[in-house]
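Participant: Questions regarding the structure given below will be posed in turn.
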Amino acid sequence: MFFTIPAQVPLDLITLGQSETPQAGELAFGEVVLRISLAAALCFLVGWERKIADKPAGRRTMALIGAGAAAFTVMGVQIASQIEYRDGLQLDPTRVLAYIISGVGFLGAGAILHSKRGISGLTTAAAIWASAGIGAACGLGLFKIVIALFGVVFCVLWLPWMTGIVGNGEGEYEADENGVEN
């Protein structure tokens with residue numbers, strides 16, 4: 001076993017983080033709702049572009065990915081803040097982020113298709129991954145990162161549509177010489 005938990009450490013996981021008034025290090029219910037809702041709303045906008053482009057992972061998928069990433073991140077932080085660190089107990093809430101990245105990477109890999117005509121779904125896979133990043137940053141309350149990442153994702157996905165740089169601005173994607181969508 002990688003770590004041991006001494007008998008004197010209370011680990012009542014059923015009631016962990018469920019008190020009426022927030023304790024030191026615990027987020028208020030409104031803050032948790034804000035973080036998860038913000039992640040869902042921003043990722044919904046990411047998915048909106050994918051829906052317009054007629055891609056399989058659209059608004060609801062991206063919103064759920066962002067909300068889920070935010071929720072898992074909040075849970076990791078909450079659990080770490082509620083348990084007293086004592087001899088033998090080692091917690092690393094950043095492991096949650098690593099598992100979000102690998103789990104969402106698996107989802108993104110499912111969006112990539114390879115055929116004789118080329119490779120498609122790369123942008124959708126990247127949008128799935130970025131949505132998880134937005135969600136995780138919301139979950140951690142790192143709102144500067146949320147704004148920066150959403151701004152970049154918005155520019156990459158929406159500005160080509162608005163300016164007509166990509167295809168005809170109506171959802172037509174062009175592929176490069178290797179068949180990879182631009």
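Participant: Got a number for residues in the stretch 144-157 being under 26 Å from residue 76 (Cα atoms), free of Cβ contacts under 8 Å to residues at least 60 places away in the same chain and of a type in the set (A, V, I, L, M, F, W, C)?
Facilitator: Going through the stretch 144-157 one residue at a time, the tally reaches 4.
Participant: Would you say residue 113 is surrounded by 15 or more Cβ atoms within 10 Å (Cβ to Cβ), among the hydrophobic types (A, V, I, L, M, F, W, C) and more than 20 Å from residue 31 (Cα to Cα)?
Facilitator: No.
Participant: Is there any pair linking a residue in the stretch 90-106 that is part of a helix (DSSP H, G or I) and among the small types (Gly, Ala, Ser) to one that is surrounded by 11 or more Cβ atoms within 10 Å (Cβ to Cβ) and modelled with pLDDT of 85 or more, with Cβ under 7 Å and at least six apart or on different chains, and which?
Facilitator: If the second residue must be surrounded by 11 or more Cβ atoms within 10 Å (Cβ to Cβ) and modelled with pLDDT of 85 or more, the pairs left are 105/129.
Participant: Under 8 Å between Cβ atoms, at least 6 apart or on separate chains: pull out the pairs that start in the stretch 29-49 with a residue that is surrounded by 16 or more Cβ atoms within 10 Å (Cβ to Cβ) and end on any residue that is not aromatic (Phe, Trp, Tyr) and not in a helix (DSSP H, G or I).
Facilitator: 35/27; 35/141; 47/57; 47/58; 48/58
Participant: What number goes with the only condition from (1) modelled with pLDDT of 85 or more; (2) part of a loop (DSSP other than H, G, I, E, B) that residue 165 does not pass?
Facilitator: Single failed check for residue 165: (1).
Participant: Just checking, which of 126, 98, 53 is exposed (fewer than 15 other Cβ atoms within 10 Å of the Cβ) and more than 26 Å from residue 28 (Cβ to Cβ)?
Facilitator: Just a single option satisfies the conditions, and that option is 98.
The values are calculated or read from the model by the stated rules, or taken from the named source; none is laboratory data. Everything quoted here is computed from the prediction, not taken from an experiment. Ideal geometry is used to build each Cβ from the backbone, glycine not excepted, and the neighbour counts take in all protein chains shown.
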